[in-house]
Amino acid sequence: MKEIFFDTIDSTNTYLKQHFEEYEDLTFVSADLQTAGKGRSGRTWTASKGKNLTFSVLIKDEKVMEKFASLSVLSAYSVLKVLKSYGIKDLSIKWPNDVYVRDDKICGILLEAVSREKMEALILGIGINVNEEDFETDLLHEPTSMKKVLHEDIDIVSFKEKIYQRLNQTIEELKEGCDLYPEIEKYDYLKGKDVYCMIRNEKRKVTVIGIDADYSLKVLCDGKEISVSSDEITFHL
Ligand code: BTN
């Protein structure tokens, strides 16, 4: 595992996308400030300087890249476990890649692939709200942070160490074929909820059955059980 730190950068995901050939598998790149942090679906990710954890992991191992579909959920689970060790309660995974405390988002994950003829690398970008208290957001719900939940300042350096270790461990377990699904099932935020999703370009209201063993999301639509992809879920009720 190799670690790189930037005081300021546009985006740790963008940096690794541009420089993936120069670095080894499991290079972790973090920054105190991202000037063009990226979120999912073309959104931006904003985080005040030095108050949060914003980093990306370069993945080049073929075995791990093959498990692309499970990587977001497994990473969210790794973050959840570390947050739990800090005493945070009511944590869950909002499929495919957010960590929630009750109904408030505390962590977002952006998984990007670098592909030419074949998939060359994966960039796993993670943003965790640590000591942030005021959020500029276009989201319906204001996000939360560790400080907002625990009412104390968190030492970001030791938190980062714990997160890196846990992610490393999860990626090793994934290579060895460990099945974390029975654990993950317990933390399914969307389970049983009615959500809207786009199915064949049509907005449909469905009831979520839950995260499946293959890490897709099973929903009930017109009485039929179907799997949806992460791009299809738009928002929940
Ligand atoms: C989301 O919830 O929309 C995903 C947010 C992902 C943010 C992280 S912060 C580190 C990495 N670099 C980026 O530009 N984005 C990800």
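Computed quantities for the displayed model
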{"read-out": "Counted residues, region 1-20 - those being assigned to a loop (DSSP other than H, G, I, E, B) and near the ligand (Cβ under 10 Å from one of its atoms)", "value": "2"}
{"read-out": "Candidates Y77, Y100, Y164 - the one that is within 15 Å of the ligand (Cβ to nearest atom) and either in a strand (DSSP E or B) or under 30 Å from C197 (Cα atoms) (or both)", "value": "Y100"}
{"read-out": "Hits in region 72-119 (condition: small (G, A, S), modelled with pLDDT of 95 or more and within 13 Å of I211 (Cβ to Cβ))", "value": "A76, S92"}
{"read-out": "Some residue of region 175-186 being within 16 Å of the ligand (Cβ to nearest atom) and either surrounded by 12 or more Cβ atoms within 10 Å (Cβ to Cβ) or at pLDDT 95 or above (or both)", "value": "no"}
{"read-out": "Test: residue in region 131-154 that is assigned to a strand (DSSP E or B) and either modelled with pLDDT under 95 or over 14 Å from the mean Cα position of the chain (by Cα) (or both)", "value": "no"}
{"read-out": "Counted residues, region 34-59 - those being surrounded by 18 or more Cβ atoms within 10 Å (Cβ to Cβ), more than 7 Å from the ligand (Cβ to nearest atom) and either assigned to a strand (DSSP E or B) or without any contact (Cβ under 8 Å) to a residue 24 or more places away in the chain (or both)", "value": "4"}
{"read-out": "Residue check, Y23 more than 13 Å from the ligand (Cβ to nearest atom), among the hydroxyl-bearing types (S, T, Y), at pLDDT 95 or above and over 29 Å from Y181 (Cβ atoms)", "value": "yes"}
{"read-out": "Some residue of region 62-77 being under 18 Å from I156 (Cα atoms) and touching a residue at least 60 places away in the same chain (Cβ under 8 Å)", "value": "no"}
{"read-out": "Candidates Q165, Q169 - the one that is under 26 Å from K17 (Cβ atoms) and free of Cβ contacts under 8 Å to residues at least 60 places away in the same chain", "value": "Q165"}
{"read-out": "Matching entry among L111, L71 (being out of contact with any Gly (no Cβ under 7 Å at 6 or more places or on another chain), more than 8 Å from the ligand (Cβ to nearest atom) and in a helix (DSSP H, G or I))", "value": "L71"}
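The values are calculated or read from the model by the stated rules, or taken from the named source; none is laboratory data. Just so we're clear, the structure is a prediction, and the values are computed from it rather than from any experiment. Note: ideal-geometry Cβ built from the backbone for every residue, glycine included; neighbour counts use all protein chains shown.
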